[in-house]
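Beneath this line is the structure, given in structure tokens, with notes to follow.
The values are calculated or read from the model by the stated rules, or taken from the named source; none is laboratory data. The model shown is predicted, which means the values in this text are computed figures rather than measured ones. Please note: Cβ atoms are built from the backbone with ideal geometry, for glycine as well, and neighbour counts cover all protein chains shown.
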Amino acid sequence: MIGRLVKIEGRTAAEYLEEIKYSYPQKRIIQPQEVGELAAFLCRDEALGITMEDITISAGSLW
């Protein structure tokens, strides 16, 4: 999808990703490792009380 937007808007992929990054409150893009670490935590006994929850990984965004 980024490739298509880059072609349409005439920007590089790096420029497009920088714009996305700065639209988040934490000014960063979530890394795959962060998602994996959350998934691993949810599989542990310490997370047994977490049920039927929607967990959003969004760098502070409310959308």
Response to the item:
Considering the stretch 18-63, residues that are touching a helix residue (DSSP H, G or I) at 6+ places or on another chain (Cβ under 7 Å) and assigned to a helix (DSSP H, G or I), and then whichever is farthest from V6 (Cα to Cα), we arrive at A47
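How about the stretch 32-54: which of its residues are surrounded by fewer than 10 Cβ atoms within 10 Å (Cβ to Cβ) and not charged (D, E, K, R)? If you could, list the steps in order and put the result at the bottom.
Here is the first cut: in the stretch 32-54, the residues surrounded by fewer than 10 Cβ atoms within 10 Å (Cβ to Cβ) are 32-33, 43-46, 48-49, 51-54.
Of everything in the stretch 32-54, those that are surrounded by fewer than 10 Cβ atoms within 10 Å (Cβ to Cβ) and not charged (D, E, K, R) turn out to be P32, Q33, C43, L48, G49, T51, M52.
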Discussion item. List pairs: first residue in the stretch 45-57 and hydrophobic (A, V, I, L, M, F, W, C), second residue part of a loop (DSSP other than H, G, I, E, B) and at pLDDT below 95 anywhere in the structure, Cβ distance under 8 angstrom, at least six positions apart or on different chains.
Written reply: I57/I30
Worksheet item: modelled with pLDDT under 90, surrounded by 12 or more Cβ atoms within 10 Å (Cβ to Cβ) and not aromatic (F, W, Y), is that true of R4?
Response: no
